[in-house]
Amino acid sequence: MTSEAHIFLGMEAVIESDLMRALMTTVERVARSHAVVLITGESGSGKELVARAVHHYSQRSSKPWVDLSCAALPEHLLESELFGYEKGAFSGAEATKPGLFEIAHTGTIFLDEIGELEPRMQVKLLRVLDSVAYYRLGGVKKVSVDVRVVAATNHNLETAVAAGKFRGDLYHRLAQLTLKVPPLRQRVRDIAPLARHFLAQHDPELRFSSHAIQALERQPWPGNIRELRNVVTQAAVLTRNLEISAGDLDFGGGSGYPTDAGHPAAPAGNLAAPAGNLAAPAGSLAASAGNLEAMEKRAILDALAAADGHQQNAAARLGISRRTLHRKLKLYRPEGEVARV
């Protein structure tokens, strides 16, 4: 089964897993209604993509789309952004400004990180959701809007309601229809096509080795798609070859996954190189600088050979950073010789 690629409001979706296919089928059905939609899921799992898909498949798809992160602004600014203000409403209000609800009239407004709303803003939002007209800040004339609200959160709002941190009436108003986005670790079949998609965005000529794909698919991805994109981007920028190997992938803290040669990477912090050590042996502190450099060079090259030329694995064996190893190799390798990274 081939992966599906769609573009929702300029955001490309690459979907292959059965879980995401089923979710997008539900999204199409949900989009046909006018009900408020609450999208839940871990950070970076793709909630905004699902929100855009709701608008894309809805009868409002040709109408305005407006999005805002509720955590991006302090309460006083968030209120003016959502509901607008009249000229002279406060210092600096030199002209009347319509709020995002007005701008989204007849269309969709997406409120990301809805769980971060302060209590007073929760009350105002609830009134708008109940189709109650509102005032702009400093206004004397009520504003009525026809807007479909889609909200998203990575918090458990039921728990927040029980703890008194989120209004129960607002939660039930938001959760008329709920869509849950599964984390990437539950969508293993999406990992490879997503990784290839991100890689092609950087350089269409680059490719992953089979071992690199296996390493990607074994990761738990706590940061979900956002983390996967970062790993792929870093590998694409730093690699010297057209094929990205498992050793090129930096998962942070050492992956322990097999390299293309089938050798497991040594855990980070293992100071002992397979044939030598960066630390000079006891009694050699008086050795000449030339001898110390020779010993260091031998330890580095031995570690690199034992890691089948993969700099990241060799650095892990030596207990140094990949950047430090790269700098040392510039000193020790003959000019023009290309090392595998």
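The values are calculated or read from the model by the stated rules, or taken from the named source; none is laboratory data. No experiment lies behind these values; they were computed from the predicted model shown. Here the Cβ positions follow ideal geometry from the backbone for every residue, glycine too, while neighbour counts run over all protein chains shown.
Taking the criterion of being in contact with a helix residue (DSSP H, G or I) (Cβ under 9 Å, 6 or more places away or on another chain) and β-branched (Val, Ile, Thr), the residues of the range 24-55 that qualify are Val27, Val30, Val36, Val37, Ile39, Thr40, Val50, Val54. It is to be established whether one or more residues within the range 2-14 are part of a loop (DSSP other than H, G, I, E, B), in contact with a strand residue (DSSP E or B) (Cβ under 6 Å, 6 or more places away or on another chain) and crowded, with 21+ Cβ neighbours inside 10 Å. So far as the range 2-14 goes, no, none of its residues is part of a loop (DSSP other than H, G, I, E, B), in contact with a strand residue (DSSP E or B) (Cβ under 6 Å, 6 or more places away or on another chain) and crowded, with 21+ Cβ neighbours inside 10 Å. In the range 122-133 there is no residue that is in a strand (DSSP E or B) and not hydrophobic (A, V, I, L, M, F, W, C).
A quick yes/no check of all residues on (1) under 27 Å from Leu157 (Cβ atoms); (2) modelled with pLDDT of 95 or more:
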residue	(1), (2)
His56	yes, yes
Ser80	yes, no
Glu86	no, no
Phe110	yes, yes
Gly115	yes, yes
Pro119	yes, no
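When you check Lys142 against the structure, is it surrounded by 13 or more Cβ atoms within 10 Å (Cβ to Cβ) and modelled with pLDDT under 95, yes or no? Considered against the rule, which asks whether it is surrounded by 13 or more Cβ atoms within 10 Å (Cβ to Cβ) and modelled with pLDDT under 95, Lys142 comes out as no. For the range 99-114, the criterion of being charged (D, E, K, R), within 27 Å of the chain's Cα centre (by Cα) and either outside the structural domain of Thr159 (by TED's automatic domain parsing) or farther than 17 Å from Val143 by Cβ (or both) is met by at least one residue.
Kindly indicate whether Arg196 is within 16 Å of Ser17 (Cα to Cα) and out of contact with any helix residue (DSSP H, G or I) (no Cβ under 8 Å at 6 or more places or on another chain). For Arg196, the condition - within 16 Å of Ser17 (Cα to Cα) and out of contact with any helix residue (DSSP H, G or I) (no Cβ under 8 Å at 6 or more places or on another chain) - is met.
Among the residues of the range 106-121, the ones that are part of a loop (DSSP other than H, G, I, E, B) and either free of Cβ contacts under 8 Å to residues at least 12 places away in the same chain or surrounded by 17 or more Cβ atoms within 10 Å (Cβ to Cβ) (or both) come to 3 in all. Taken as a whole, the range 183-206 holds no residue that is modelled with pLDDT under 95 and in contact with a Pro (Cβ under 9 Å, 6 or more places away or on another chain). Being surrounded by 21 or more Cβ atoms within 10 Å (Cβ to Cβ) and either in a loop (DSSP other than H, G, I, E, B) or basic (Lys, Arg) (or both) is the filter; apply it to the range 293-327 and report the residue that is modelled with the lowest pLDDT. Ranking the qualifying residues of the range 293-327, first place goes to Ala307. Scanning the range 82-109 for residues that are closer than 25 Å to Leu177 by Cβ and in contact with a Leu (Cβ under 7 Å, 6 or more places away or on another chain) gives Leu82, Phe83, Gly99, Leu100, Phe101, Ile109.
Taking residues in the range 196-210 that are of a type in the set (Gly, Ala, Ser), and partners anywhere that are in a loop (DSSP other than H, G, I, E, B) and crowded, with 17+ Cβ neighbours inside 10 Å, the pairs with Cβ atoms closer than 7 Å and at least 6 places apart or on different chains are Ser209/Ser245; Ser209/Asp260.
Checking Asp67 against (1) in a helix (DSSP H, G or I); (2) under 26 Å from Pro182 (Cβ atoms); (3) under 26 Å from the mean Cα position of the chain (by Cα), which test does it fail? All conditions are met except number (1).
Checking Ala152, Ala160 one by one, the residue that is surrounded by fewer than 19 Cβ atoms within 10 Å (Cβ to Cβ) and either assigned to a helix (DSSP H, G or I) or in contact (Cβ under 8 Å) with a residue 24 or more places away in the chain (or both) is Ala160 and no other. Across the range 77-90, the number of residues qualifying as within 15 Å of Leu125 (Cα to Cα) and surrounded by 12 or more Cβ atoms within 10 Å (Cβ to Cβ) comes to 7.
The condition (being touching a residue at least 60 places away in the same chain (Cβ under 8 Å), in a loop (DSSP other than H, G, I, E, B) and either among the aromatic types (Phe, Trp, Tyr) or under 30 Å from Gly139 (Cα atoms) (or both)) is satisfied by just one residue among Ala35, Ala95: Ala35. Considering each residue of the range 28-46 in turn, none proves to be within 23 Å of Ser144 (Cα to Cα) and under 18 Å from the mean Cα position of the chain (by Cα). For the criterion of being in contact (Cβ under 8 Å) with a residue 40 or more places away in the chain, surrounded by fewer than 19 Cβ atoms within 10 Å (Cβ to Cβ), of a type outside the set (Val, Ile, Thr) and in a helix (DSSP H, G or I), Leu19 passes.
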